[in-house]
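This report concerns only the one structure given below.
Values quoted throughout were computed directly from the atomic coordinates according to the rules given, and no laboratory measurement underlies them. The structure presented is a predicted model; accordingly, all values stated were derived computationally and were not measured. Because the Cβ atoms are built from the backbone with ideal geometry, glycine has one as well, and the counts that use them run over all protein chains shown.
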Amino acid sequence: MSPSTSAVYHCRFRSRLEARWAVFFDQLAIAWVYEPEGYVLSDGRRYLPDFHLPDCATWVEVKGHEAALDRQLMLTAARDLPVHSGRGEAGPLLMVLGPVPEPRPGRGDWGWMALDKGMADPVGPGGGWQPGQLRYGFGSYATNRRPWFLDNAQYEWTPDTAWTEPLWDVYESGVPDAYVAARSARFEHGESG
């Protein structure tokens, strides 16, 4: 499917959560492609990213809860997924989005976990993984065509840090409305697949 801000109305999603994120992207005029291509990763596993954001060349994985997220798969994908050139500024290589959060009065955007190639390299004597502290939000997407880096969050990453839960950040115009639209979207019942 080609990038389209109206594609949400002509696309079947595997989950309502993915459909809600498509509504969110549409509200902010973020071009997206749903499940554009699958890849065989270096460890032999197959991976099909949920979305690609062609403006910033960012892949997106959507998971409804932390227990459903395979962190090792995400780290391997961040190493192995191809890097495309975007139409705007480059964003993070891979973002992990969880449930669409409720907007908060006076605050507009959230910071989501993101991984880049260098951050997914094995570290330490046991070859453990450290994704770093990258979080990105969508509030200024319209001005630079990429998610903005959340550099003012006061938090420390630990192995227990949830990847599917966002961190809050400052107000960004238009973003609360996009979260409201995504959470309010209704979809047809009775379809399978």
Highest first, please rank the peptides 142-149, 66-73 by the mean number of other Cβ atoms sitting within 10 Å of their residues.
142-149, 66-73
Would you mind calculating the gained length between Asp160 and Ser173 on full extension (0.36 nm times residue separation, minus the Cα-Cα distance), in nm to one decimal?
1.5 nm
Virtual spin-label span in nm between Ala29 and Leu73, 7 Å along Cα→Cβ:
3.5
If packing is taken as the average count of other Cβ atoms within 10 Å, what order do 28-34, 179-185, 134-140, 76-82 fall into, highest mean first?
134-140, 28-34, 76-82, 179-185
Between His84 and Ala181, what FRET efficiency comes out of the Förster formula 1/(1 + (r/R0)^6) with R0 = 35 Å and r the beta carbon distance, rounded to 0.05?
0.80
Fully extended contour minus Cα-Cα distance, from Arg107 to Glu37, at 0.36 nm per residue
21.7 nm
